[in-house]
Each structure stands twice: as structure tokens, then as C-alpha cells.
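Take a look at the structure set out below.
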Amino acid sequence: MGKYAAIFRIQLLNSLAYPLEFLGRSVMVMLFLWIFFQLWSVVYAVNGGGRMEGLRLHDTLWYFMLAETIELGRPRLAQSIAQAVKDGSIAYLLNKPFDFLLYQMSAGMGESAVRMGLVAFFGSAVTWWMVGPPPAPAGWLPALLLVLGAWMLHFCVNALIGLLAFVAEEVTPFEWIYQKLTFILGGLLIPLDFYPDWLQRAARALPFPAMLYGPARFFVQPEGALFWNTAGMQLAWMLALGSLLLLAYRGGVRRLVINGG
């Protein structure tokens with residue numbers, strides 16, 4: 001595993017060398033959170049200013065902060081794989097003495113470490129200013145473990161979309177559909193607690209809540225049952241999606257046609 005640790009470290013250092021590339025996305029989260037604050041302040045005021053589905057305004061804003069950190073912090077892995085197929089550079093990666101998928105995972109983690117760090121820093125600053133300090137530190141470490149699990153699920157799905165380039169080349173439409181499903185069924189725009197019961201049940205049968213809602217909800221209200229439920233969902237979906245990813249990769253490599261020969 002030493003070589004994959006080296007890949008992670010190299011990508012991390014490369015990202016730190018050009019922090020301005022990520023600064024725009026990091027600052028953008030401040031605008032998103034300010035808009036959420038204005039919107040949900042009105043919603044809570046109309047409903048008496050107390051709790052809605054067990055969440056205060058303070059909880060809801062910190063929920064959005066972590067959900068946005070997860071979403072904005074992940075790299076565009078699908079586009080990276082698709083571009084490597086289009087320009088033929090994937091031929092060099094496949095011939096290297098490392099596993100292609102583990103290489104992508106290690107490099108993606110190195111990039112995400114910088115992305116998520118910057119987004120969390122700016123997002124926490126503006127959220128603290130608007131609604132007060134974050135939840136109690138006791139739940140931060142378990143929440144970080146759930147964020148890691150969410151990242152792994154994102155990796156599996158994004159890698160699967162990227163591998164579609166082996167047969168379709170252009171993967172942007174698939175990535176767009178996946179992103180919108182994550183926004184809605186993952187609880188990025190509205191916490192699942194505020195959805196109708198039938199939509200909550202439908203969403204919880206899919207992997208999207210384990211990618212965003214579960215970690216963010218636990219962060220604001222750390223409860224043991226919620227942690228184990230989210231962690232169990234993440235593990236189950238990682239096994240399913242990871243197996244599918246391996247099958248798709250092996251099949252895709254066998255039929256790969258690279259532009260230019």
C-alpha cells in the first residue's frame with residue numbers, strides 16, 4: 001500500500017501548490033449557506049421559530065454546511081477517467097505497476113483532502129457567524145468516519161460513471177443525472193426529515209442518504225442508533241457498488257478502444 005500512500009501524498013502536495021484553483025468553490029459555499037440562511041429563517045419564522053421535525057434553525061444550517069462540504073469537496077472523477085479515455089492517456093495508466101482503480105481512489109482522496117478542508121473552513125466560518133457555534137465536539141470524530149464512508153460511496157458511483165467512457169466516451173449526461181438525484185434524494189437541498197413519508201421511504205432504499213443526509217444529520221444530532229444505521233447502510237452499499245465497479249472495470253478494459261490507436 002506504500003505506493004498508493006505516495007500517490008495520495010503527491011496529489012495532496014500538488015493541490016496545496018495551487019490553492020487558488022479550489023478557492024472559488026470554497027468561497028462559493030459561503031454564498032450557498034447565506035441563501036439557505038435567508039430561506040430557512042423565513043420558513044422557521046412562519047412555523048413559530050422553534051423546532052421542525054426535531055431540528056432547530058441552528059441544526060439545519062450546520063447540517064447544510066457539512067452536506068455542502070461533502071458535495072463540493074469530492075473531485076470530478078468521472079470526467080477525469082473519461083478524459084483519459086478520450087485523449088488516450090489511459091493506455092499509460094493501465095500499463096503502470098499499480099491498480100488503476102486504487103490509483104484513482106488515492107489521487108482523489110489527496111485532492112479531496114484539500115477541497116473539503118477549504119470548504120469546511122469557509123463554510124464553518126460563515127455558519128458560525130450566522131447561527132452560532134457548531135454542535136458539541138463529541139460527535140465530530142464519528143461524523144468524520146461517516147464522511148469518509150460517504151466519500152467512498154461517491155467514489156464507487158463516480159468511477160462507474162467514468163467507466164461508461166469505455167463504451168460511450170461522453171459521460172457528462174450520466175454525471176448530471178447522478179448529481180441531481182444526489183441533490184434531491186440525498187438531502188442536499190432539503191433534509192429528508194422534511195419530505196413526505198413515501199418519499200423518505202423511497203430515498204432510504206437508495207444509497208444517496210448514506211452519502212449526504214446520514215453524515216450531516218449525525219453531525220448536528222449525534223445519536224448512536226443513527227451512526228450505526230448510517231454506517232451499516234454505507235458498508236452494504238460499498239460492498240454492492242464496489243463489486244459492480246470491479247465487474248464493470250474488467251469488462252470495460254477488455255473492450256476498450258482508445259482514440260488514436
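Values quoted throughout were computed directly from the atomic coordinates according to the rules given, and no laboratory measurement underlies them. In this text, all values refer to a predicted model and were calculated from it rather than measured experimentally. Glycine also receives a Cβ, built like all others from the backbone with ideal geometry; neighbour counts cover every protein chain displayed.
Quick look at the numbers
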| item | result |
| --- | --- |
| Rule-of-thumb Rg ratio for segment 69-136 [Cα; 2.2 N^0.38 Å; N residues] | 1.56 |
| Which of 72, 61 has the fewest Cβ neighbours within 10 Å, and the rest in rising order | 72, 61 |
| Gaussian network model of the chain, springs between alpha carbon atoms under 10 Å - residue of 186, 132, 214 with greatest fluctuation | 132 |
| Largest-first principal axis extents of the Cα set of the chain (Å) | 66, 42, 31 |
| Cβ-Cβ FRET estimate between residue 96 and residue 180, R0 fixed at 45 Å, reported to 0.05 | 0.85 |
| Point-charge dipole on Cβ atoms (K/R +1, D/E -1) for segment 35-177, about Cα centre, debye to 20 | 260 debye |
| Sequence-distant lysines (8 or more away, or on other chains) whose Cα lies within less than 22 Å of residue 86 | 96 |
| Exposure rule at most 14 other beta-carbon atoms within 10 Å, DSSP loop GluC sites (Glu not before Pro): the chain longest free segment | 54-168 |
| Relative contact order (percent, whole number), the chain, Cα cutoff 8 Å, 6+ residue spacing | 28 percent |
| Spread of Cα-to-Cα distances over 5 Å intervals beginning at zero, given as percent, for segment 21-162 | 2, 9, 16, 17, 16, 13, 10, 7, 5, 3, 2, 1, 0 |
| Rounded to the nearest 20 debye, dipole of segment 2-254 from Cβ charges on Lys, Arg, Asp, Glu | 360 debye |
| Within a Gaussian network of the chain (alpha carbon springs, distance under 10 Å), most fluctuating of 133, 191, 209 | 133 |
| Residues residue 39 and residue 103, FRET efficiency given R0 of 45 Å [Cβ-Cβ distance, rounded to 0.05] | 0.65 |
